[in-house]
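Here's the structure we're looking at; comments come further down.
The values are calculated or read from the model by the stated rules, or taken from the named source; none is laboratory data. All values derive from a computational prediction rather than experimental measurement. Here the Cβ positions follow ideal geometry from the backbone for every residue, glycine too, while neighbour counts run over all protein chains shown.
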Amino acid sequence: MDQSESEFQSQVIAEAKRQGWRVYHVYDSRNTSDIGFPDLILGHPIQSRIVVIELKRKGEKPTEAQQLWLTIFEHAGYETHVWRPSDWDSGEIARVLIGVGKRHIRRRLDIAPFPERMTAEEFREALRVGRIER
């Protein structure tokens, strides 16, 4: 059975908070924000990062309005992501939340990139043995 977007969102929010992120989420955007506004805005006080997230179920793509908002944030210099449950399974979400997302490896940490596909367990082991820096 596929995970609902709401369940996936709860999972991402819980992990983000566990890792020290502040989380902003509009619970009913139909009445309180512009159409297509991203699902989550994450801010990390130690990493000095703001990350804008659109969450999608397997096979879904952002709407035109959602893509416009992501482009606006990206052009303003913010890190943006469209995450699906497969990104959780691959370890991509964990990499971004701890500060070594694809964009930050080269730009902020200046360390060698790691394979595109790495399970969460492989990623944790790489952190533990020092192959990847926080």
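Go through the stretch 47-66 and report how many residues are out of contact with any strand residue (DSSP E or B) (no Cβ under 7 Å at 6 or more places or on another chain) and surrounded by 15 or more Cβ atoms within 10 Å (Cβ to Cβ).
Step one: list which residues in the stretch 47-66 are out of contact with any strand residue (DSSP E or B) (no Cβ under 7 Å at 6 or more places or on another chain), which gives 47-48, 57-61, 63-65.
Checking the rest, the ones that are also surrounded by 15 or more Cβ atoms within 10 Å (Cβ to Cβ) come to 47.
Number satisfying all stated conditions: 1.
Out of the residues in the stretch 22-46 that are surrounded by 10 or more Cβ atoms within 10 Å (Cβ to Cβ) and of a type in the set (A, V, I, L, M, F, W, C), state the one that is modelled with the lowest pLDDT.
So, considering only residues that are surrounded by 10 or more Cβ atoms within 10 Å (Cβ to Cβ) and of a type in the set (A, V, I, L, M, F, W, C), the one modelled with the lowest pLDDT is VAL26.
Name the single residue, out of those in the stretch 72-103 being modelled with pLDDT under 90 and over 30 Å from ILE35 (Cβ atoms), that is surrounded by the fewest Cβ atoms within 10 Å (Cβ to Cβ).
Among those residues, the one meeting the criterion is GLY99.
I'm told ASP2 meets every condition in (1) farther than 30 Å from ARG128 by Cβ; (2) within 14 Å of the chain's Cα centre (by Cα) except one. Can you identify the failing condition by its number?
It is condition (2) that ASP2 fails.
For the stretch 48-105, how many residues are over 18 Å from HIS25 (Cβ atoms), among the acidic types (Asp, Glu) and in contact with a Gly (Cβ under 8 Å, 6 or more places away or on another chain)?
2
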